[in-house]
Amino acid sequence: MREKTPPEAPEPSAPALSPYQEGLRRRLLAAPVVPAPAPWRNVFDGCAAVGGLTGIGFGVHPGTGHDLVMVVSQQGYGVFDAVTGERIARDRDPEDDGPDGTPDLTRPGIGPLAGQRVRVAGLYGGGLHSVSGDGWSVDVEAPDWPHHRVLLSATGGDWHRPPHTEGWWHVFHSTWSTLRAAGFSPTGRTLAVATSSDLTLWTRPSA
């Protein structure tokens, strides 16, 4: 007589969200992507394609004082002016420290950043500033993971409470590529969102 195969144990289900948590999730899912509010301006009027992007870091142009964004990708390094959007340096075969850089996650700068180490955030770790220093903040949420939403909040803004576009703005939704990093430059004048395929920048004038 054949022995009966014991029934498989049901897979454990994720814990149910509380009504408050479900309300927050629905709020995020319902919020459309909108332009960042003034004084922020989208630098590329969209995004710059960077295939195989693994990380980004910030610097400052020694001549103009503009924020610079150094992009690390499978095709090498590039440097963008965060005010004009111009790519001002490119190195397809840079001096490199391996896929994850040094233990402090820095890479050798190129172009106007040559001679210094640039701290990079992205695939291998690290992070960018989540606050600007004068009231702006950025949050990354994933109510429908693996897609990520980038939320920009103004002084006193908190996406948990006020209506969308009244203190907080859903400015980016990563549905086509993997999010690598999102945050402000050290000066607070640039907001950057990097995915595995592109770079989006917003800039604002100095206070």
Can we say Val60 is modelled with pLDDT of 95 or more and either hydroxyl-bearing (Ser, Thr, Tyr) or under 17 Å from the mean Cα position of the chain (by Cα) (or both)?
no
Sole exception among (1) open to solvent by 40 Å² or more (accessible area, probe 1.4 Å); (2) assigned to a helix (DSSP H, G or I) for Glu166, by number
(2)
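If I ask for residues that are open to solvent by 10 Å² or more (accessible area, probe 1.4 Å) and either charged (D, E, K, R) or assigned to a strand (DSSP E or B) (or both), which ones from region 182-197 would you list? Reasoning before the result, please.
First, pick out the residues of region 182-197 that are open to solvent by 10 Å² or more (accessible area, probe 1.4 Å): 182, 186-187, 189, 196-197.
Hits for region 182-197 are Ala182, Arg189.
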Please count how many residues of region 27-51 are exposed (fewer than 12 other Cβ atoms within 10 Å of the Cβ) and farther than 16 Å from Ser153 by Cα.
6
Among the residues of region 94-106, is any within 21 Å of Thr200 (Cα to Cα) and open to solvent by less than 40 Å² (accessible area, probe 1.4 Å)?
no
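Within 12 Å of the chain's Cα centre (by Cα), modelled with pLDDT of 95 or more and within 27 Å of Thr64 (Cβ to Cβ), is that true of Ser174?
No; evaluated as a whole, the condition is false for this residue.
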Looking at the structure I just gave you, is Arg161 crowded, with 18+ Cβ neighbours inside 10 Å and among the charged types (D, E, K, R)?
no
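The values are calculated or read from the model by the stated rules, or taken from the named source; none is laboratory data. Please read these numbers as outputs of a predicted model, since none were measured by experiment. With ideal geometry, Cβ positions are generated from the backbone for all residues, glycine too; neighbour counts draw on all protein chains shown. For the accessible areas, the whole protein counts, side chains as well, though only heavy atoms, and no ligand, DNA or RNA atoms are used. Shrake-Rupley method; radii C 1.70, N 1.55, O 1.52, S 1.80 Å.
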